[in-house]
1. In 10 Å bins starting at 0, how do the alpha-carbon pair distances of the chain split up by percent?
2. Please rank ILE78, ILE99, fewest neighbouring Cβ atoms within 10 Å first, as an exposure proxy.
3. In terms of Cα to Cα distance under 18 Å, which aspartates and glutamates are near enough to LYS2, apart from those fewer than 8 places away along the same chain?
4. Order by neighbour count: LEU108, LEU160, fewest other Cβ atoms within 10 Å first, most last.
Amino acid sequence: MKSIIDNYDIIVIKAEEIFTKECFAQGTDAWRILRPKSILDRIFEIASEVKFNIENSNKLNNRELEAKLISLLNTSIIARVQLTRGLTTTAPIVPERAIVLYKQSANLARKQVKMLIRSLDSMNQVSLTSFMEAIIERTKEMKELLDKGITGVHYSIRKLMDIINFSIFALILE
């Protein structure tokens with residue numbers, strides 16, 4: 001049986017491959033126009049849709065569920081990259097640089113998980129719905145700050161790290 005970290009790494013590699021293909025196929029210009037609130041809305045929508053489908057027995061097939069969760073993961077990493085670059089940065093980002101920043105975010109999230117590895121043994125007892133609820137809650141918290149005009153960049157980065165890891169854990173459980 002593979003360890004949580006082994007599964008974690010497999011998922012990140014798969015998500016990164018999709019991210020890389022999309023960077024080169026579609027470019028990264030669209031990211032510049034996505035305001036933080038728009039990205040948070042997208043994260044919220046994906047998590048809510050997954051949660052709704054689970055709770056209402058609208059079974060997504062494995063491929064659909066995996067695609068939604070990888071989209072959630074990649075969108076969360078894009079949000080973190082944008083926050084670390086600065087909210088007012090409008091300079092284009094080339095795909096190669098985006099991939100480097102993606103890897104940095106994924107590696108930081110992995111380090112966070114490795115520090116918590118002892119408490120991860122109980123992760124298998126957490127439901128997919130619980131992970132979606134946690135993502136929705138963290139997204140709401142960040143959106144409330146933005147609505148009040150508070151950027152809270154460091155706070156939001158911490159919350160996005162949680163969302164990145166919850167997305168990966170959901171994929172491990174899936």
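Since every read-out is calculated from the coordinates, none of them should be taken as a lab result. Keep in mind the model is a prediction, meaning the values are calculated, not measured. Neighbour counts run over all protein chains shown; Cβ positions are idealised from the backbone, glycine included.
1. 9, 40, 37, 13, 1
2. Values: ILE78 23, ILE99 17.
Going from least to most buried by this count: ILE99, ILE78.
3. Those aspartates and glutamates meeting the cut-off are ASP121, GLU174.
4. Working: LEU108 15, LEU160 28.
With the sparsest Cβ surroundings first, the list reads LEU108, LEU160.
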